[in-house]
Amino acid sequence: MRIRAAAMAGTTSAALLLTAVAGVPAHADGGPVITKVVVNKGKNILVGPTAVTKFSAQVTATDPSGVIVADAQLWYGTSRDNRTGAISYDAPNCHADSSTTTTCTMNFQVKADTRDMVNVVSNAKAGTWHIYASAFSKDRVQTTIDSYATTKVQRRSQLTANAAPEPVKKGKTLTVTGKLSRANWNTHKYAGYSGQSVKLQYRPKNSTTYTTLKTVTTTSTGDLKTTVKATADGYYRYSFPGTTTTPAINAAGDYVDVT
């Protein structure tokens, strides 16, 4: 069996739709070409403090002789040979799209754990992960790409907002409190996310659009607190734009009746 391997530099950013990129041409020896990889339906992978997170990936490959199997794996580290984390999968389930092209689906699962082993993540491993992709043709040639693209494995977030008093007279002061938390994979609990810029937003009663009133920074415990003048009936919420390690999130709008 011959093996054709490639390690791609300058991989694509978070996996919205991971498709073939420039620099992965058809191989001169007739080896299979990996044409598309989709992880978690194109979304980042959000892992809570305790529950197992399940997701799937699809790999499509083509070869003149046909493709027996294609697969993918997620790894974290400086290189696949020197990785410090990996998320592997159940055996691929493959179907032929044509006589030359095959798509295979793999089911993954990952959970929070401080142990350095397969299919677990600790806080230090939140952020960008690489996607390894492989395909094996019917004429027994394998193509492997250590970093076909990247995705993000993130600490699931929570955000609250509460505006008071309710009701409030027009022109009086409203105090809007809240809290930004994220999963702590080491302690298996949610914990406040400190030092983060969060937007306070307002939506009038008969509108569908929120506008930003100001930006507030979370305290050392992730708490939020600020004041605004009440002008009209409407909804107040906090909005967090997200970071590499933690996903964006909007709090549910809190309705205030202005009299």
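The values are calculated or read from the model by the stated rules, or taken from the named source; none is laboratory data. From a predicted model like this one, the values you see are computed outputs, not experimental measurements. Heads up, the Cβs are rebuilt from the backbone with ideal geometry, glycines too, and the neighbour counts pull from every protein chain shown. These area figures cover heavy atoms from the full protein model, side chains too; ligands, DNA and RNA do not enter into them. Shrake-Rupley method; radii C 1.70, N 1.55, O 1.52, S 1.80 Å.
Worth a mention:
- Close amide H partners of Lys152, meaning residues 5 or more places away or on another chain with modelled amide H under 5 Å apart, are Ala15, Ile45, Trp129.
- Take every pair of alpha-carbon atoms less than 8 Å apart whose residues are at least six positions apart; their mean separation over the length of the stretch 56-212 yields a relative contact order of 18 percent.
- When the Gaussian network model of the chain links Cα atoms closer than 10 Å, the mean-square fluctuations of Val216, Val47, Val120 top out at Val216.
- Taking the 1.4 Å solvent-accessible surface of the chain as the whole, the part contributed by carbon and sulfur is 50%.
- From most to least packed by mean Cβ count within 10 Å, the peptides 190-196, 67-73 give 67-73, 190-196.
- Rolling a 1.4 Å probe over the protein heavy atoms leaves Lys214 with an accessible area of roughly 70 Å².
- Residue-normalised accessible area of the stretch 54-157, expressed per residue, 1.4 Å probe, Å²: 41
- Candidates Asn119, Tyr235, Ala135 compared by Cα position along the dipole of the chain: farthest toward the positive end lies Tyr235, with charges placed on Cβ.
- Note on Asp116: accessible area is roughly 120 Å² with a 1.4 Å probe, heavy atoms of protein only.
- Accessible surface ranking for Ser220, Ser65, 1.4 angstrom probe, highest first: Ser220, Ser65.
- Across the stretch 153-166, coupling constants 3J(HN,Hα) worked out from phi with the 6.51/-1.76/1.60 Karplus curve, θ = phi - 60°, read 10, 10, 7, 4, 10, 9, 8, 10, 8, 9, 9, 8, x, 9 Hz, and Gly and Pro carry x.
- Dipole moment magnitude, nearest 20 debye, the chain about Cα centre, only Lys, Arg, Asp, Glu C-beta charged: 1020
- Cys94, Cys104, ranked by accessible area, largest first (probe 1.4 Å): Cys94, Cys104
- Column: log10 I(q)/I(0), Debye, Cα scatterers of the chain, q = 0.09, 0.10, 0.12, 0.14 Å⁻¹: -0.53, -0.62, -0.77, -0.91
- Among 34-46, 163-175, the order from most to least packed when residues are scored by Cβ within 10 Å on average: 34-46, 163-175
- Net charge dipole size for the stretch 144-259 [Lys, Arg +1 and Asp, Glu -1 on Cβ; Debye, nearest 20]: 200
- For Asp254, nonlocal amide neighbours, meaning residues 5 or more places apart or on other chains whose placed amide H falls under 5 Å from its own, are Tyr236, Arg237.
- Phi angles across the stretch 125-141 convert, under the Karplus curve 6.51 cos²θ - 1.76 cosθ + 1.60 with θ = phi - 60°, into 3J(HN,Hα) values of 9, 6, x, 7, 10, 8, 10, 7, 10, 8, 8, 10, 8, 5, 8, 6, 10 Hz, Gly and Pro given as x.
- Summed over all non-identical Cα pairs, the Kirkwood treatment of the stretch 180-259 gives a radius of 13.7 Å.
- Separation of alpha-carbon centers, the stretch 58-91 and the stretch 224-259, rounded to whole Å: 41
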